[in-house]
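What follows draws every value from the coordinates through simple rules; no lab data is involved. Nothing here was measured: the structure is a model prediction, and the numbers come from that model. Cβ atoms come from the backbone with ideal geometry, glycine included; neighbour counts cover every protein chain shown.
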Amino acid sequence: MTKKTFALLKPAIVLTVICMVAAILLAVVNLFAAPVIAQAEKDKQLATLSVVLPDAKGFNELSAEGAPATVKSVFEETEGGGHVLFCETETGFDTLTFSIGVDGEGKIAGIKLTSLFYSAGDSGKENAIFDLIRSYVGQRNTENAIKVSNATFSSNAMKEAINDALDHAKALREGR
């Protein structure tokens, strides 16, 4: 290799070495950070469990196999006091995610929103969804929920996902 050829290739070689070192460093950081991040997510999820099913003593994760598409994960209260289901549904504008606690009698013990898109200054939609959530607590179905006029797509999507969760919780209670 001539000096002229080496001079032309030197920047490419240096850049390749820098990229390789950066990739190796990122892989090492990920090796140590991934378990910490996963544990933090698990802790966050477990904290949500006791919010939506406050009288629970503990939880066991169940398989979500056979659950409706809106039900992403399921936890059972260790003493048969109900289930917590993590749900995800499309509102037409965004993805709505929430957890729902269903007590041992099939009543909604609590609902906690995880994510829902709000436009800046759209507090009417946010308030409407929270009013809707409050109207579900203590109910066995969604028939008596308040009517929401400011968040129709979101509230309808949520209602369908709640019905899916209630149906799945009922099937779990009945051993199906």
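Details
- Fully extending the segment from residue 31 to residue 144 would add 35.7 nm, taking 0.36 nm per residue of separation and subtracting the current Cα-Cα distance.
- Between the helical axis of 152-173 and the longest alpha-carbon principal axis of the chain there is an angle of about 80 degrees.
- Look at the dipole of the chain built from charges on Cβ: of 37, 168, 9, the Cα furthest out on the positive end belongs to 9.
- Within a Gaussian network of the chain (alpha carbon springs, distance under 10 Å), most fluctuating of 157, 33, 23: 23
- C-alpha long axis of helix 3-52 to longest principal axis of the chain, angle in °: 20
- For the chain, the longest principal axis of the C-alpha atoms and the axis of helix 123-136 are separated by about 50°.
- Relative contact order of the chain, pairs being alpha-carbon contacts under 8 Å that are 6 or more residues apart, as %: 16
- Residue 105-residue 3 pseudo-label distance in nm [points 7 Å out on the Cα-to-Cβ vector]: 9.2
- Stokes-Einstein diffusion of the chain at 20 °C, 1.002 mPa s viscosity, Kirkwood radius from Cα pairs, rounded to a whole number: 113 µm²/s.
- Taking every lysine pair in the chain that is 8 or more places apart or spans two chains, those with Cα atoms closer than 21 Å amount to 24.
- In the elastic network of the chain, a GNM with C-alpha springs shorter than 10 Å, the most mobile of 103, 43, 164 is 43.
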